[in-house]
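Everything on this sheet refers to the single structure shown next.
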Amino acid sequence: QVQLVESGGGLVQAGGSLRLSCAASGRSISNYDMGWYRQAPGKEREYVAGIRWSGSTTYADSVKGRFTISRDNAKNTVALPMNSLKPEETAIYYCRFPVYDRWGQGTQVTVSS
């Protein structure tokens, strides 16, 4: 069974940085696309970034130049270093394994003013 576990969330001041990580188990991620999403209270879940099996990346316009998605297939992990965080980016951040329609439990990111 595929499982995803996010880590790295926490409290940070505006302009600060956090590095999120997603650890997958049960299946190798090496041949598959992976993604990060976030959901703020009272809002829809929002696409943040994706990385294809080939290593090609895509980003929501709002995070381009500040967030960087990467993968380590040997460790079966996907990371999301986030720089210059803004208060409006306070949300629960989720890892996604699309081919299995699988989500992690989420990790809370809180950006204070």
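The values are calculated or read from the model by the stated rules, or taken from the named source; none is laboratory data. Every value quoted in this text rests on a predicted model; they were computed, and no experiment measured them. Every residue, glycine among them, receives a Cβ derived from its backbone with ideal geometry; neighbour counts consider all protein chains shown. In case anyone asks, the SASA skips ligands and DNA or RNA and just uses the protein heavy atoms, side chains included. Shrake-Rupley method; radii C 1.70, N 1.55, O 1.52, S 1.80 Å.
Just name the residue that is surrounded by the fewest Cβ atoms within 10 Å (Cβ to Cβ) out of those in segment 31-47 that are of a type in the set (D, E) and assigned to a loop (DSSP other than H, G, I, E, B). Walk me through it before giving the result.
Initially, segment 31-47 is screened for residues of a type in the set (D, E), giving 33, 44, 46.
Now drop any that are not assigned to a loop (DSSP other than H, G, I, E, B), which leaves 33, 44.
Values: D33: 17, E44: 7.
The residue in question is E44.
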In this structure, is S28 polar (S, T, N, Q) and either open to solvent by less than 20 Å² (accessible area, probe 1.4 Å) or not in a strand (DSSP E or B) (or both)?
yes
Filtering segment 71-81 for residues that are free of Cβ contacts under 8 Å to residues at least 40 places away in the same chain and open to solvent by less than 50 Å² (accessible area, probe 1.4 Å) leaves a count of 0
Being of a type in the set (F, W, Y) and without any contact (Cβ under 8 Å) to a residue 12 or more places away in the chain is the filter here; which residues of segment 1-59 pass it?
Y59
Report, by residue number, each residue of segment 1-55 that is within 18 Å of F67 (Cα to Cα), out of contact with any helix residue (DSSP H, G or I) (no Cβ under 7 Å at 6 or more places or on another chain) and aliphatic (A, V, I, L, M).
L11, V12, L18, L20, M34, A40, I51
For S84, which of the numbered conditions (1) touching a residue at least 60 places away in the same chain (Cβ under 8 Å); (2) buried (at least 16 other Cβ atoms within 10 Å of the Cβ); (3) closer than 16 Å to R19 by Cα fails to hold?
(2)
